[in-house]
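Take a look at the structure set out below.
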Amino acid sequence: MKKNETLSLIRDIYQKRKPANFHEIEGASSIGELPRQLRLEIMDMLNDEFCETGLGENDEPNEYGLSIEAAIDELNFDIAD
């Protein structure tokens, strides 16, 4: 997944789950420029989204779930820095 696709997915999920706080990430051009605490909150949101909508009937990731997994991987990398 390309970084701009990851950021777009994160924005979509953030806006869905915390619309009143969307301004916190709206202008970000990369995940890495967001404060660490905010990145940790986003990680929680991604995990929740994955559990709620990212699995198919067989409990395997669906296409959306694979996108979320890729975003989680990228965010984990940024948090570790």
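Results, tabulated for the structure shown:
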quantity	calculated
Nearest-ten-degree value, helix 3-17 long axis tilted from longest Cα axis of the chain	80 degrees
Acute angle (nearest 10 degrees) that the helix 63-80 long axis makes with the longest principal axis of the chain, alpha-carbon atoms	40 degrees
Efficiency of FRET from Cβ geometry, H23 and E69, R₀ 35 Å, rounded to 0.05	0.80
Long-range HN-HN contacts of N62 with modeled amide H, under 5 Å	L55, G56
Solvent-accessible surface (1.4 angstrom probe) belonging to R17, in square angstrom, nearest 10	70 Å²
Accessible solvent surface per residue of the chain, calculated while the other protein chains remain in place, 1.4 angstrom probe, Å²	62 Å²
Values of log10 I(q)/I(0), in the order q = 0.12, 0.26 Å⁻¹, for the chain under a Debye, Cα-only, solvent-free model	-0.31, -1.36
In the range 1-74, chymotrypsin sites (Phe, Trp or Tyr not before Pro) in a DSSP loop with at most 15 other beta-carbon atoms within 10 Å	F22
Pair E57, R36: separation of 7 Å Cα→Cβ label points (nm)	4.5 nm
Sulfur and carbon atoms: percent of accessible area, the chain [1.4 Å]	48 percent
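The values are calculated or read from the model by the stated rules, or taken from the named source; none is laboratory data. In this text, all values refer to a predicted model and were calculated from it rather than measured experimentally. Quick reminder, even Gly has a Cβ in these numbers, built from the backbone with ideal geometry, and neighbours come from all protein chains shown. Protein only, heavy atoms only, side chains kept; ligands, DNA and RNA dropped before computing areas. Shrake-Rupley method; radii C 1.70, N 1.55, O 1.52, S 1.80 Å.
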